[in-house]
Amino acid sequence: MAFVSGFSLGSRPGTARLSKHMRERPVRSGRCAVSMATPKFQPGKMPKEKVKLDPEEVFVDVAPTPFEILIPFISLPTIIGIIPFIAAVARQLWVRYKITSRRISVSSGFQGQNTVEIVYADVDRVRYVRRLLGESGDMVLELRDGAKLEMRAVPKFQKVYDYIMSKVDPDTRERSGFGQGKE
């Protein structure tokens, strides 16, 4: 038997021991016993319970409201109206808002290549502007790290806003003015 620095032979033949905190494991030829050792169960330290999360439920998965194309379409005969119309159509084709029970996800870019996901705990403040008599609206989510996520032409605005505000913490609701007659 060969002596390897860092561990000693175990009490049973063919085993090695690293220290008193490591349990005995069989020594295989050609391998170091150090990599095969695992810590012993320590009484008094209970293993952590695994937390089982509820399945993520999708509240809404939509594109921006199609009514945002209306005004640029009316101004299309003018040269000035071409650019806003193209931008509105591109946003309609390439942007998706997905709001779930755990996060807000905004996919944008050609074929949704760019995706931004935030969890509700990161939201510090919510600001908004209603459009089309409250049917849609623009929302800016200010995050705790100072970043901002802008969601333009969100359809079913009041339902989406109420859902998001039900998921954020009470301090965020207070900073956003939710429940104070401002919504």
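The values are calculated or read from the model by the stated rules, or taken from the named source; none is laboratory data. As the structure is a computational prediction, the values presented were derived from the model and not from experiment. Don't worry about glycine lacking a Cβ; one is built from the backbone with ideal geometry, like all the others, and counts go over all protein chains shown. Just so you know, the surface numbers come from the protein's heavy atoms only, side chains and all, with ligands and any DNA or RNA stripped out. Shrake-Rupley method; radii C 1.70, N 1.55, O 1.52, S 1.80 Å.
So for the range 52-59 (the condition being among the basic types (Lys, Arg) and open to solvent by 80 Å² or more (accessible area, probe 1.4 Å)), does at least one residue qualify?
If we filter the range 52-59 for residues that are among the basic types (Lys, Arg), which is where we start, we get 52.
Next cut, open to solvent by 80 Å² or more (accessible area, probe 1.4 Å) only: 52.
Within the range 52-59, one or more residues are among the basic types (Lys, Arg) and open to solvent by 80 Å² or more (accessible area, probe 1.4 Å).
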Next item on the list: Taking Val95 as the residue in question, decide whether it is modelled with pLDDT of 90 or more, within 26 Å of Leu133 (Cβ to Cβ) and under 17 Å from the mean Cα position of the chain (by Cα).
Entry: no
Checklist line | Candidates Pro77, Pro64, Pro72, filtered to the one that is more than 30 Å from the chain's Cα centre (by Cα) and open to solvent by less than 80 Å² (accessible area, probe 1.4 Å) | finding: Pro72
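Out of Val106, Val116, Val89, I need the residue that is open to solvent by 30 Å² or more (accessible area, probe 1.4 Å), within 17 Å of Asp61 (Cβ to Cβ) and not hydroxyl-bearing (Ser, Thr, Tyr). Which one?
On the way: Val106 fails: open to solvent by 30 Å² or more (accessible area, probe 1.4 Å); Val89 fails: within 17 Å of Asp61 (Cβ to Cβ).
Sole residue among the options that is open to solvent by 30 Å² or more (accessible area, probe 1.4 Å), within 17 Å of Asp61 (Cβ to Cβ) and not hydroxyl-bearing (Ser, Thr, Tyr): Val116.
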Checklist line | Residue among Met165, Met151 that is at pLDDT 90 or above and more than 17 Å from Val62 (Cα to Cα) | finding: Met165
Item checked: Flag for Asp122 being surrounded by fewer than 16 Cβ atoms within 10 Å (Cβ to Cβ), modelled with pLDDT of 90 or more and within 19 Å of the chain's Cα centre (by Cα) -> no
Note to self: Of everything in the range 147-180, what is surrounded by fewer than 18 Cβ atoms within 10 Å (Cβ to Cβ) and either touching a Pro at 6+ places or on another chain (Cβ under 7 Å) or under 15 Å from Val116 (Cβ atoms) (or both)? Give them in sequence order.
What the structure shows: Ala147, Lys148, Leu149, Glu150
